[in-house]
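For reference, the structure is listed below as structure tokens.
The values are calculated or read from the model by the stated rules, or taken from the named source; none is laboratory data. The structure presented is a predicted model; accordingly, all values stated were derived computationally and were not measured. Reconstructed Cβ throughout: ideal geometry from the backbone, glycine too, with neighbour counts over all protein chains shown. These accessible areas exclude ligands, DNA and RNA; they are computed on the full protein's heavy atoms, side chains included. Shrake-Rupley method; radii C 1.70, N 1.55, O 1.52, S 1.80 Å.
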Amino acid sequence: MVCDLNNYEFPDKEFDLIFCSGSIEYLNDTDWFFEKLSLAKKQVIMSYCTMERLPMLSIRRGNSWESNLTSFEIMGMMRNKGFDLRHTEAFNESTVIFDFRRG
């Protein structure tokens, strides 16, 4: 299934698990996307290059990245959608892996 998230395309389904890797940085509307993540019934796993780990906007823009979120912003958005952070760890010098679960 292919979706253009910047064109507001997302499957109209519920999922047990949503896995996002290497995509959130390119999103224009992260609020919309995080609302769609709430369709996951059990778990969301995502990777993201957070502002804490790569704060230089010139590099982020050079990569054509649109979003500039901190770990705390991501955790807050997911908490507001009913998810708890179960695990987080650095994947490399700039990327963090988040594991969110319901209840």
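Can you tell me which residue within segment 1-11, out of those that are assigned to a loop (DSSP other than H, G, I, E, B) and out of contact with any Asp or Glu (no Cβ under 8 Å at 6 or more places or on another chain), is most open to solvent (accessible area, probe 1.4 Å)? Walk me through how you get there before you give the answer.
In the first step, residues of segment 1-11 are kept if they are assigned to a loop (DSSP other than H, G, I, E, B); the result is 1-4, 8-11.
Next cut, out of contact with any Asp or Glu (no Cβ under 8 Å at 6 or more places or on another chain) only: 1-2, 4, 9-11.
Details: MET1: 169, VAL2: 140, ASP4: 73, GLU9: 74, PHE10: 46, PRO11: 24 Å².
Looking at the filtered set, the residue picked out is MET1.
Given the conditions (1) modelled with pLDDT of 95 or more; (2) in contact with a strand residue (DSSP E or B) (Cβ under 6 Å, 6 or more places away or on another chain); (3) among the small types (Gly, Ala, Ser), which single one is not true for GLY62?
Evaluating GLY62 over (1) modelled with pLDDT of 95 or more; (2) in contact with a strand residue (DSSP E or B) (Cβ under 6 Å, 6 or more places away or on another chain); (3) among the small types (Gly, Ala, Ser) leaves (2) as the failure.
Step by step: first the residues of segment 12-34, then only those that are open to solvent by 40 Å² or more (accessible area, probe 1.4 Å) and of a type in the set (Phe, Trp, Tyr), then the one that is nearest to LYS81 (Cα to Cα). Which residue is that? Give the steps one after another, and end with the answer.
Narrowing segment 12-34 to residues open to solvent by 40 Å² or more (accessible area, probe 1.4 Å): 12-17, 19, 21-22, 26, 28-29, 31-32.
Of the ones still in play, those that are also of a type in the set (Phe, Trp, Tyr) are 15, 19, 26, 32.
On the way: PHE15: 14, PHE19: 16, TYR26: 21, TRP32: 12 Å.
Top of the filtered list is TRP32.
Restricting to segment 35-45, name every residue that is surrounded by fewer than 17 Cβ atoms within 10 Å (Cβ to Cβ) and either touching an Asp or Glu at 6+ places or on another chain (Cβ under 8 Å) or closer than 15 Å to SER94 by Cα (or both).
Correct list: LEU39, LYS41, LYS42, GLN43.
Take the residues in segment 46-92 that are hydroxyl-bearing (Ser, Thr, Tyr) and assigned to a loop (DSSP other than H, G, I, E, B), then tell me which one is surrounded by the most Cβ atoms within 10 Å (Cβ to Cβ).
So the residue we want is THR50.
Scan segment 12-38 residue by residue and report those that are in a strand (DSSP E or B) and within 16 Å of VAL96 (Cβ to Cβ). Full working, then the answer.
Of all residues in segment 12-38, those in a strand (DSSP E or B) come to 15-20.
Within segment 12-38, PHE19, CYS20 meet the criteria.
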